[in-house]
1. Those residues that are within 14 Å of residue 79 (Cα to Cα) and in a strand (DSSP E or B), I need them from the range 99-111; list them, please.
2. I'd like the full set of residues that are closer than 15 Å to residue 176 by Cβ and touching a residue at least 40 places away in the same chain (Cβ under 8 Å), limited to the range 35-88.
3. Quick one: is residue 176 at pLDDT below 95 and outside any loop (DSSP other than H, G, I, E, B)?
4. So how many residues does the range 112-134 have that are part of a loop (DSSP other than H, G, I, E, B), modelled with pLDDT of 95 or more and over 18 Å from residue 190 (Cα atoms)?
């Protein structure tokens, strides 16, 4: 299937955050760990998330079960995500707009109004997601990782457990369980990789019409 965007070959580049000695030494506090992690994420700028879970609800979209999300420098996004009870979608977030193409379709559609918030939960390098997380508590630590329980506004009400590498201060894994079971008990697990890679995201050609996902998008 022809793709309406060009994602340049991703060049594995060691980001400055990945090559620096971590500040996570001595006596730690949860707030200090999260602040250091946010600084490392901001320095890296781009990363890839492998998503697993069930019915994690995105704004203007509905639930997702799994897939992959690549966040670029500047906060553009490409994603392949399974929509709960629906199917697989390719998604692009560029110029503050979200476009999508269902795997069974051959054309791109724009989320009504632009969909600026659809993929916001993944934009950890363009907002103070970790630095502002509260309350927070260190639940375990070893010579290689620190594990923090906290609440992250972008994920919604519930408990987020973040595993952070001491050597880089970068998140390795995040899990989240909803405390609001009205959305069928959402939960998720993210694995982070490809810190500091480079990619270019372009919007689809033409003038995609506005519509929501689901139904009969083709």
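The values are calculated or read from the model by the stated rules, or taken from the named source; none is laboratory data. All of these numbers come straight from a predicted model, not from anything done at the bench. Glycine gets a Cβ as well: all are built from the backbone with ideal geometry, and neighbour counts include every protein chain shown.
1. Within the range 99-111, the first condition is being within 14 Å of residue 79 (Cα to Cα), and the residues that meet it are 99-103, 108.
Across the range 99-111, the qualifying residues are 99, 100, 101, 102.
2. Hits for the range 35-88 are 49, 50, 51, 52, 53, 54, 55, 56, 57, 58, 63, 69.
3. Values: at pLDDT below 95: yes; outside any loop (DSSP other than H, G, I, E, B): yes.
Here the answer is yes, as residue 176 does meet what is asked.
4. Summing the residues that are part of a loop (DSSP other than H, G, I, E, B), modelled with pLDDT of 95 or more and over 18 Å from residue 190 (Cα atoms) in the range 112-134 gives 3.
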